[in-house]
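Asks: This structure is in structure tokens; I'll ask about it shortly.
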Amino acid sequence: MSFRFELQKTDGSARAGLIHTDHGVVETPVFLPIGTQGTVKSIEPRELEEIGAQIVLGNTYHLSLRPGEEILRKAGGLHRFVGWKKPILTDSGGFQIFSLEGLRDVSEEGVRFQSHIDGSPQFFSPERVIDLERAIGADIMMVLDECTPNPCAYEYATESVERTLRWAERCKTHFLERPPEYEHAQALFGIGQGSTYKDLREQCLGKLVEMGFAGYAIGGLAVGETANEMYDITEFCAERLPSEKPRYLMGVGTPENLLESIDRGCDMFDCVLPTRNGRNGMAFTSRGKVTLKNSIFKEDFRPLDPGCSCYTCQNFGRAYLRYLFQAKEILGMQLLTLHNLSFYLSFMRSARGAIIEARFASWKNATLARLHAEPVDQHD
Ligand SMILES: [Zn+2]
């Protein structure tokens, strides 16, 4: 049983690497499609494999409420339950719990909250989250942290970082005491917090690195701060993380955000945008966003993105996709999710190729210029 990160190549601060897990090797930089509830919404695991998804994200909060840990255990873990043989990462659920304004009560011991499904009382402690993540069996588990809102007062951010650190220590201790429940290794990542305060970010990451985790996440970004603040904090954090461990920037972001964050040394990313926007009729393309409700697409029979090799772009035109959304046909969501994820995944493969060939800066500039080019087909 093994988990290992191999840094293959750096180009400036951008990195290409391999994450070795018992469910296969993940090539970084990597985008993780979000499968919060054990499914990446409106797309099949078979399709995910076809478009080159290497690892998906599940959520401990959601999976613990439904189907619940006992069913996951009886199934033999989440991989078997959902029919996905490649790596899985589980978020701890901290972000979701701390988003439940008014429905939660935070103490040193943990967080009491009410299920958003049936209102039943629930309790998450660092130890409980580790137990749940063992039952789920994700290849990469995240510690329970407190994700602070933006803006966040300095005093609260300080308290929150201190609690996040104590919880990280408890997570690690319990992780070592409690062995995996299935026949594969699981790795535990720490999560750095500290809002937009660099001294807190530095203190938090320094302590996490002392504790020693298999990888490190930068949390609490993309919560309302400006893009420049986010890039600034990302760069500051990445510079303080050990080069031999994977770096995961949580909840980020748009294609531009991914480019800028890869350029600052991050390896792993997840975001709801390609899937959520896909279900809402918005496509990401190499020439920027396309909003299908726009009437200009009514008789536009060209593919969404002529440069895209996905099933959607190879077989259907914008007019048909627009019509599917107007008619509220499920296929519209399916085809657009498939395209958006294909676009994100191939975008990351191109970034990786550019890093390996030591031409990341020129690739980034050319890609940004295309993304920002005036989308001539969007004038209504
Ligand atoms: Zn496509």
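The values are calculated or read from the model by the stated rules, or taken from the named source; none is laboratory data. What you see is a predicted model, and the numbers here were worked out from it, not measured in a lab. Counting neighbours? That spans all protein chains shown, and the Cβs are built from the backbone with ideal geometry, glycine included. Calculation scope for accessible area: heavy atoms of the full protein, side chains included, ligands and nucleic acids excluded. Shrake-Rupley method; radii C 1.70, N 1.55, O 1.52, S 1.80 Å.
Asks: In segment 280-290, how many residues are buried (at least 17 other Cβ atoms within 10 Å of the Cβ) and more than 13 Å from the ligand (Cβ to nearest atom)?
Replies: 3
Asks: Let me ask another. When residue 166 is evaluated against the numbered criteria (1) out of contact with any helix residue (DSSP H, G or I) (no Cβ under 8 Å at 6 or more places or on another chain); (2) buried (at least 22 other Cβ atoms within 10 Å of the Cβ); (3) of a type outside the set (Asp, Glu), which criterion, by number, is the only one it fails?
Replies: (2)
Asks: Residues being among the acidic types (Asp, Glu) and within 16 Å of residue 284 (Cβ to Cβ): count how many of those fall in segment 298-332.
Replies: Total meeting the criteria: 1.
Asks: Looking for something within 16 Å of the ligand (Cβ to nearest atom) and of a type in the set (Gly, Ala, Ser) - is there at least one such residue anywhere in segment 257-267?
Replies: no
Asks: Quick one: what pairs do we get from segment 295-313, first residue among the polar types (S, T, N, Q), second within 6 Å of the ligand (Cβ to nearest atom) and modelled with pLDDT under 95, C-beta under 8 Å, 6+ apart or different chains?
Replies: Note: no pairs meet the criteria.
Asks: Out of curiosity, is residue 364 touching a Leu at 6+ places or on another chain (Cβ under 8 Å) and either more than 26 Å from residue 19 (Cα to Cα) or surrounded by 15 or more Cβ atoms within 10 Å (Cβ to Cβ) (or both)?
Replies: yes
Asks: If the Cβ limit is 6 Å and pairs must be 6+ apart or interchain, which residue in segment 228-243 that is without any contact (Cβ under 8 Å) to a residue 24 or more places away in the chain and assigned to a loop (DSSP other than H, G, I, E, B) pairs with which residue that is open to solvent by 30 Å² or more (accessible area, probe 1.4 Å) and among the basic types (Lys, Arg)?
Replies: Pairs found: none.
Asks: Moving to a separate point now. Filter the strands (runs of 3 or more DSSP E) completely within segment 10-64 down to those with at least 2 residues that are touching a Ser or Thr at 6+ places or on another chain (Cβ under 7 Å).
Replies: Where strands (runs of 3 or more DSSP E) fall fully within segment 10-64 and carry at least 2 residues being touching a Ser or Thr at 6+ places or on another chain (Cβ under 7 Å), they are 14-21, 56-59.
Asks: A further question follows. Pick from 336, 331: which is on the phi < 0 side of the Ramachandran plot, surrounded by fewer than 20 Cβ atoms within 10 Å (Cβ to Cβ), hydrophobic (A, V, I, L, M, F, W, C) and more than 18 Å from the chain's Cα centre (by Cα)?
Replies: Of the residues listed, the single one that is on the phi < 0 side of the Ramachandran plot, surrounded by fewer than 20 Cβ atoms within 10 Å (Cβ to Cβ), hydrophobic (A, V, I, L, M, F, W, C) and more than 18 Å from the chain's Cα centre (by Cα) is 331.
Asks: Same structure, new question: Can you tell me which residue within segment 127-163, out of those that are free of Cβ contacts under 8 Å to residues at least 40 places away in the same chain and over 23 Å from residue 63 (Cα atoms), is least open to solvent (accessible area, probe 1.4 Å)?
Replies: Per the stated criteria, the residue is 160.
Asks: If I filter segment 94-112 down to residues being of a type in the set (A, V, I, L, M, F, W, C) and surrounded by 22 or more Cβ atoms within 10 Å (Cβ to Cβ), which single residue comes out as modelled with the lowest pLDDT?
Replies: 97
Asks: Next question. Restricting attention to segment 170-199, and to residues there that are surrounded by fewer than 17 Cβ atoms within 10 Å (Cβ to Cβ) and assigned to a helix (DSSP H, G or I), which single residue is farthest from the chain's Cα centre (by Cα)?
Replies: 177
Asks: Oh, and also: Among what's in segment 48-93 and is closer than 17 Å to residue 122 by Cβ and within 14 Å of the chain's Cα centre (by Cα), pick the residue that is surrounded by the most Cβ atoms within 10 Å (Cβ to Cβ).
Replies: 91
Asks: Which is within 15 Å of the ligand (Cβ to nearest atom) and open to solvent by less than 100 Å² (accessible area, probe 1.4 Å), of 277, 294?
Replies: Result of the check over 277, 294: 277.
Asks: Please work out if residue 323 is on the phi < 0 side of the Ramachandran plot, free of Cβ contacts under 8 Å to residues at least 24 places away in the same chain and open to solvent by 50 Å² or more (accessible area, probe 1.4 Å). Spell out the reasoning first.
Replies: Numbers: on the phi < 0 side of the Ramachandran plot: yes; free of Cβ contacts under 8 Å to residues at least 24 places away in the same chain: yes; open to solvent by 50 Å² or more (accessible area, probe 1.4 Å): yes.
For residue 323, the condition - on the phi < 0 side of the Ramachandran plot, free of Cβ contacts under 8 Å to residues at least 24 places away in the same chain and open to solvent by 50 Å² or more (accessible area, probe 1.4 Å) - is met.
Asks: Just checking, does segment 52-72 include any residue being modelled with pLDDT of 95 or more, touching a Gly at 6+ places or on another chain (Cβ under 9 Å) and at positive phi?
Replies: So far as segment 52-72 goes, no, none of its residues is modelled with pLDDT of 95 or more, touching a Gly at 6+ places or on another chain (Cβ under 9 Å) and at positive phi.
Asks: Checking residue 378 against (1) more than 20 Å from residue 305 (Cα to Cα); (2) modelled with pLDDT under 95, which test does it fail?
Replies: It fails just one condition, (1).
Asks: So if I check each of 317, 307, 353, which one is over 30 Å from residue 220 (Cβ atoms), in contact with a Ser or Thr (Cβ under 7 Å, 6 or more places away or on another chain) and surrounded by fewer than 23 Cβ atoms within 10 Å (Cβ to Cβ)? Show your work before the answer.
Replies: Working: 317 fails: in contact with a Ser or Thr (Cβ under 7 Å, 6 or more places away or on another chain); 353 fails: in contact with a Ser or Thr (Cβ under 7 Å, 6 or more places away or on another chain).
Of 317, 307, 353, the one residue that is over 30 Å from residue 220 (Cβ atoms), in contact with a Ser or Thr (Cβ under 7 Å, 6 or more places away or on another chain) and surrounded by fewer than 23 Cβ atoms within 10 Å (Cβ to Cβ) is 307.
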